[in-house]
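One structure is given below, encoded as structure tokens.
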Amino acid sequence: MIEHDALSATREAYDAAASTYAQLFRDSLRDSPLDRAILGAFAEAVRANGDGQVADLGCGPGHITAYLDELGLAACGVDAAPAMIKLARQAYPGLRFDVGSMTALNIADGALGGILSRWSIIHTPPQELPAILAEFHRVLAPGGHLLIGFSAGDDPSHPAQVFDHAVAPAYRWWPDHLAAMLRESGLAEVARMVREPQPTDRRQFQEIHLLARKAQGRGGDS
């Protein structure tokens, strides 16, 4: 299979930056109480629906996967960059990490109780995002939850806006547009967290977490 040029370029860029990235972000949750709170809410939602396995897609060096494990979830990590997976396996040898692509996950239909996609869609060209959301829907069990994090756009007339990411070309999304895309993929929004930028932040973008749920099926809740 010939991979899309954007995926190949992103993978190569993150391979090159893996060690630096790991050093910068390994302790990122320590000073982020809001992130810890939304991850905790996600963990509770997964447990309430049967406590199935959770995949951290775009896991990088594995620090968030490890936090999900600390929250009591059966968490594994997937990333397109082999160098990131190597670092994750070294840092957290008790957890499973695999090289893979969000466009074609090596996961059975309905196998997951939850998916974490934390800033992992930002490098996806807008025309390719629906296929990834459909893949998320495929691997989630009925009633399973998706927590997706991204940088917000500020112009509803331009749902996806390019921004100057340090590693690879990236996009920020108008939140309501992305929520509508989730609905079209069979994933209904449950809640969202909006974090305003701090005056010292280099990029003055809102950061968004959307929590969505796959329908239970005929006769079930959405």
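Can you pull out the residues in segment 44-64 that are out of contact with any Phe, Trp or Tyr (no Cβ under 7 Å at 6 or more places or on another chain) and part of a helix (DSSP H, G or I)?
Listed by number, the residues that qualify are Glu44, Ala45, Val46, Arg47, Ala48, Ile64.
Can Arg192 be described as among the basic types (Lys, Arg), open to solvent by 70 Å² or more (accessible area, probe 1.4 Å) and modelled with pLDDT of 90 or more?
Values: among the basic types (Lys, Arg): yes; open to solvent by 70 Å² or more (accessible area, probe 1.4 Å): yes; modelled with pLDDT of 90 or more: yes.
Taking the combined requirement at face value, the residue satisfies it.
For segment 132-168: of the residues being under 15 Å from the mean Cα position of the chain (by Cα) and among the small types (Gly, Ala, Ser), which is farthest from Ser32 (Cα to Cα)? Show your work before the answer.
Kept after step one, since they are under 15 Å from the mean Cα position of the chain (by Cα), are these residues of segment 132-168: 132-137, 139-140, 144-152.
If we keep only those that are among the small types (Gly, Ala, Ser) too, we end up with 134, 144, 149, 151-152.
Values: Ala134: 30, Gly144: 25, Gly149: 14, Ser151: 16, Ala152: 18 Å.
Per the stated criteria, the residue is Ala134.
I'd like the residue in segment 206-222 that is open to solvent by 40 Å² or more (accessible area, probe 1.4 Å) and not small (Gly, Ala, Ser) and, out of all such residues, is modelled with the highest pLDDT.
Arg213
Enumerate the pairs (first residue in segment 58-73 and more than 20 Å from Thr103 (Cα to Cα) and open to solvent by 30 Å² or more (accessible area, probe 1.4 Å); second residue anywhere and at pLDDT below 95 and part of a loop (DSSP other than H, G, I, E, B)) with beta-carbon separation below 9 Å, excluding pairs fewer than 6 apart on the same chain, so at least 6 apart or on different chains.
Gly72/Asp51
Consider segment 48-57. How many of its residues are touching a strand residue (DSSP E or B) at 6+ places or on another chain (Cβ under 8 Å) and open to solvent by 40 Å² or more (accessible area, probe 1.4 Å)?
Filtering segment 48-57 for residues touching a strand residue (DSSP E or B) at 6+ places or on another chain (Cβ under 8 Å) gives 49-57.
Okay, now just the ones that are also open to solvent by 40 Å² or more (accessible area, probe 1.4 Å), so 49-51, 53.
Residues in segment 48-57 being touching a strand residue (DSSP E or B) at 6+ places or on another chain (Cβ under 8 Å) and open to solvent by 40 Å² or more (accessible area, probe 1.4 Å): 4 in total.
The values are calculated or read from the model by the stated rules, or taken from the named source; none is laboratory data. As the structure is a computational prediction, the values presented were derived from the model and not from experiment. Cβ coordinates were reconstructed from backbone atoms using ideal geometry, including for glycine residues, and neighbour counts include every protein chain displayed. Protein only, heavy atoms only, side chains kept; ligands, DNA and RNA dropped before computing areas. Shrake-Rupley method; radii C 1.70, N 1.55, O 1.52, S 1.80 Å.
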